[in-house]
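Data block below; observations after.
The values are calculated or read from the model by the stated rules, or taken from the named source; none is laboratory data. Because the structure is predicted, anything quoted here is derived from the model rather than measured. FYI the Cβ positions are ideal-geometry reconstructions off the backbone, even for glycines, and counts take in every protein chain you see. Calculation scope for accessible area: heavy atoms of the full protein, side chains included, ligands and nucleic acids excluded. Shrake-Rupley method; radii C 1.70, N 1.55, O 1.52, S 1.80 Å.
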Amino acid sequence: MRPSSQPKRAAALAAAERQFLATGYESVTMDSIAQESGVAKQTLYSHFGSKRDLFLEIVTAQTEGASASVLEPAPRFADASRARGDLRDLLVAQLSAVLAPRILALRRLVIGELRRSPELAEALYERGPRRAIIALTAVVEDLQAAGVVRAVDAELAATQLNWLVMGEPINRAMLLGDDAALAAAQIPAHVDTALDMFFAAYGV
């Protein structure tokens, strides 16, 4: 894409995201995005192809951004003496990112579009939850090498840890709304409880 087109693309994405989050997927049109962004509708189609492709780009970018803020660079856990503290910091950051209202709103929209556009859910899953499991699996392998935990199946242990941390807070926020989500001040204690259970099961 030509550099001169980047501001138009950014303006269109910003307008589209605001409208999707404010009113839902179905009520947004390429006309409404063009009107708010000041980008001609024909230019929108040239850049994105369709409203669905535009939405997919937003879902992909926001999910990757949230994951990258926590998982890049890849966390490493070679120092046994700092293992629990470093893991706690990682999981607090991860849960905080997932509970951000913007990310929760996108998740709800994607679930609402699951039957019509399963590729949206696949993109969110692969770049969000699945990426987190892969990163945590590498962490568990590091912890095993450092003699901190013992797990026959590192990916299974990582998945269990992920859901000890994520399960109830995400379900509660997704189904009951942002006001029911864990407050930032409550997240560290929740993570500590999950780690107590994880190390009780897998700690050496």
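Each semi-axis of the equivalent ellipsoid for the stretch 1-123 is √(5λ) with λ an eigenvalue of the Cα gyration tensor; in descending order they amount to 34, 17, 12 Å.
A simple count of charges around residue 129, restricted to other residues whose Cβ falls under 14 Å of its Cβ and scoring Lys, Arg +1 and Asp, Glu -1, yields 0. Heavy-atom accessible area with a 1.4 Å probe sorts 174, 166, largest first, into 174, 166.
Surface composition of the stretch 79-146: carbon and sulfur atoms hold 54% of the protein heavy-atom accessible area at a 1.4 Å probe.
Length gained on full extension, residue 126 to residue 146, computed as 0.36 nm times the residue gap minus the Cα-Cα distance: 4.3 nm. Counting charges near residue 67 (Lys, Arg +1; Asp, Glu -1) among other residues having Cβ under 11 Å from its Cβ returns a value of 0. Rolling a 1.4 Å probe across the protein heavy atoms gives the chain an accessible surface of 52 Å² per residue. Summing charges over all other residues whose Cβ lies under 14 Å from the Cβ of residue 163, with Lys and Arg as +1 and Asp and Glu as -1, gives 0.
Going by a ≥ b ≥ c, the root eigenvalues of the Cα gyration tensor, does the stretch 109-204 fall in the rounded group (a/c under 1.5), the prolate group (a/b larger than b/c) or the oblate group? Oblate is the answer for the stretch 109-204, as a/c is 1.5 or above yet b/c matches or exceeds a/b. The calculated Kirkwood hydrodynamic radius for the stretch 62-172 is 14.7 Å, given to one decimal from all distinct C-alpha pairs. So for the chain, taking the charge dipole from beta-carbon charges (+1 Lys/Arg, -1 Asp/Glu), which of 34, 195, 105 sits furthest toward the positive end? So the residue we want is 34. Shape verdict for the stretch 98-142, please, from the Cα gyration tensor: rounded (a/c under 1.5), prolate (a/b greater than b/c) or oblate. Oblate, since a/c reaches 1.5 and b/c is not below a/b. Note on residue 153: accessible area approximately 80 square angstrom, rounded to 10, probe 1.4 Å, nucleic acids and ligands left out.
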